[in-house]
Amino acid sequence: MALRIYDSMTREKRVFEPADPNRVTLYVCGPTVYSYAHIGNARSAVAFDLLFRVLRNRYGADHVVYARNITDIDDKIIKASKETGEPINEITEKFARIYRDDMGALGVILPNKEPTATANIDGMIAMLEKLVEADAAYAANGHVLFSIDSYDAYGELSGVDREEMLAGARVEVAPYKKNPADFVLWKPSADDEPGWDSPWGRGRPGWHLECSVMIRQELAETIDIHGGGQDLRFPHHENEIAQSACAHHGAPLARYWMHNGFLRMGSDKMSKSLGNVVLAHDLLEQWPGEVVRWALLSAHYRQPLEWTEELLRQSKKQLDRFYRLLEDIEFDDTHENAPDAVIFALEDDLNTPEAIAALHELRDKASQLDGDARKEALRDLRNAGRLMGFLNEEPRRWFKGISADGPSAEEIDALLLERAEARKAKNFARADEIRDMLAEKGIVIEDGPQGATWRKE
């Protein structure tokens with residue numbers, strides 16, 4: 001079966017054919033590291049992590065190169081430094097580390113390459129010189145701007161017409177622009193702001209320029225897949241396409257474009273301006289990473305996702321059912337081929353609802369078998385889950401997962417010891433009191449021949 005993905009440029013599902021099967025290239029826009037990532041950012045990271053896993057499964061891990069950038073120079077970063085008094089490099093290093101840790105807790109594999117904007121300034125200046133020489137960009141008032149009139153296909157990815165472009169550009173209208181929709185490639189820096197010397201004066205790059213340069217430096221002029229959130233189609237990705245094509249003699253930036261859908265809080269898109277932002281870092285203090293990942297993948301990546309507490313609770317219950325069955329086989333860290341039903345679903349434009357349905361079918365099949373047949377079916381289930389980034393925990397450890405507001409594992413063990421001593425002394429009232437107290441906290445006690453054990457409900 002062919003791998004098929006929905007291409008945002010052609011607006012249709014296409015068979016994926018890499019330019020070179022021995023070097024499949026994927027680039028996804030990464031974080032601007034001035035604060036914590038919200039769960040909408042995490043949805044993009046998890047969706048494209050799943051794509052990375054599917055590509056590696058099909059072409060081999062050594063033949064897929066995934067780059068995800070870090071924007072470590074930006075007006076928001078400068079503002080955060082001025083407000084907190086912290087040096088910019090300390091802010092960016094801190095939040096880049098937190099981002100990696102939080103995404104790692106969600107099962108996101110580190111990309112092969114993680115370029116930073118500040119390490120690619122020379123490449124940005126070189127691309128600017130090419131664009132100015134080609135009359136695709138011009139210098140004005142200490143800025144360098146891209147002329148959208150120099151690229152006839154501008155707007156093809158997003159479908160945004162010229163009137164909408166102008167409406168979107170009004171906040172940036174300046175007298176030195178030839179066209180109000182022209183966008184900034186390089187801007188001057190004040191004395192108290194970071195900057196680099198250039199032919200147009202001391203300044204810093206515009207956000208759109210960074211990705212085009214890092215893609216060229218780390219991967220190629222034309223890559224196989226470029227991904228990111230739906231909100232990046234315009235203007236960010238539209239601008240990347242235009243500047244890259246003009247700098248590279250018309251070569252397309254990417255052969256396929258993929259965009260994940262918005263995350264919604266009730267009837268509204270999650271937005272800082274609406275004050276309804278949920279941080280991934282905070283969620284991970286309350287829920288296991290696999291639960292949050294399951295919730296993020298429960299809807300198809302291109303569709304809107306309604307984010308609720310109930311979605312997280314249901315995700316935890318579903319994973320509990322899988323882990324309960326997996327207690328019947330020995331835990332190990334080996335990763336083997338997943339069953340075809342799951343692979344076929346994922347290779348159909350990352351159809352996670354269908355893949356999750358296949359996981360449930362594998363679970364139901366295993367629950368009806370005995371002996372070696374049951375163990376083989378459970379191994380299939382585990383391998384299918386691991387391809388998607390699930391079922392990596394040892395089951396007993398999974399059921400001892402503790403939320404931030406619950407008793408610690410040490411406190412629970414101490415209460416179980418007290419309960420055992422109470423039962424030995426025939427103080428059954430106290431033993432029952434401890435059992436009921438833990439039950440209220442979602443802790444289930446299971447008595448067996450070797451004594452009592454516990455798990456999170």
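For the criterion of being surrounded by fewer than 14 Cβ atoms within 10 Å (Cβ to Cβ) and over 30 Å from VAL108 (Cα atoms), GLU410 fails. Where helices (runs of 4 or more DSSP H) sit wholly within the range 224-324, those with at least 1 residues that are closer than 26 Å to ASP101 by Cβ occupy 280-283, 289-297. Screening the candidates GLY206, GLY195 for the property of being without any contact (Cβ under 8 Å) to a residue 12 or more places away in the chain, at negative phi and under 32 Å from the mean Cα position of the chain (by Cα) yields one hit, GLY195. Taking the listed residues TYR59, TYR99, the one that is in contact (Cβ under 8 Å) with a residue 40 or more places away in the chain and open to solvent by less than 40 Å² (accessible area, probe 1.4 Å) is TYR99, with no other qualifying. Checking each residue in the range 344-362 for being of a type in the set (A, V, I, L, M) and out of contact with any strand residue (DSSP E or B) (no Cβ under 8 Å at 6 or more places or on another chain) picks out ALA345, LEU346, ALA355, ILE356, ALA357, ALA358, LEU359, LEU362. Residues that are closer than 21 Å to LEU319 by Cα, part of a strand (DSSP E or B) and of a type in the set (D, E, K, R) were ranked within the range 438-457; the one that is nearest to the chain's Cα centre (by Cα) is LYS456. Considering TYR27, TYR34, the condition of being in a strand (DSSP E or B), hydroxyl-bearing (Ser, Thr, Tyr) and under 28 Å from GLU306 (Cα atoms) is satisfied by TYR27 alone.
Of the helices (runs of 4 or more DSSP H) lying entirely inside the range 65-162, none contains at least 3 residues that are of a type in the set (Lys, Arg), within 30 Å of LEU55 (Cβ to Cβ) and in contact with a strand residue (DSSP E or B) (Cβ under 7 Å, 6 or more places away or on another chain).
Of all residues in the range 325-341, those that are in a helix (DSSP H, G or I) and either out of contact with any Asp or Glu (no Cβ under 9 Å at 6 or more places or on another chain) or touching a residue at least 60 places away in the same chain (Cβ under 8 Å) (or both) total 3. Residue count for the range 434-457 satisfying the condition of being farther than 22 Å from TRP398 by Cβ and surrounded by 14 or more Cβ atoms within 10 Å (Cβ to Cβ): 1. A search for C-beta distances below 6 Å between a residue of the range 112-129 that is open to solvent by less than 20 Å² (accessible area, probe 1.4 Å) and any residue that is hydroxyl-bearing (Ser, Thr, Tyr), counting only pairs 6+ apart in sequence or on different chains, returns ALA117/THR71. May I ask you to list the residues in the range 371-392 that are open to solvent by 50 Å² or more (accessible area, probe 1.4 Å) and over 25 Å from LEU350 (Cβ atoms)? ASP372, ALA373, LYS375, GLU376, listed by residue number.
So, in the range 37-64, of the ones that are among the small types (Gly, Ala, Ser) and not in a helix (DSSP H, G or I), which residue ends up nearest to the chain's Cα centre (by Cα)? Filtering first and then ranking leaves ALA37. For first residues located in the range 143-159 and within 16 Å of ARG233 (Cβ to Cβ) and of a type in the set (Gly, Ala, Ser), partners that are at pLDDT below 95 and buried (at least 20 other Cβ atoms within 10 Å of the Cβ) and lie 6+ apart or on another chain with Cβ distances below 8 Å form the pairs GLY155/MET165; SER158/PRO235.
The values are calculated or read from the model by the stated rules, or taken from the named source; none is laboratory data. Quick caveat: nothing in here was measured; it's all calculated off a predicted structure. Reconstructed Cβ throughout: ideal geometry from the backbone, glycine too, with neighbour counts over all protein chains shown. With ligands, DNA and RNA removed, areas are computed over all heavy atoms of the protein, side chains included. Shrake-Rupley method; radii C 1.70, N 1.55, O 1.52, S 1.80 Å.
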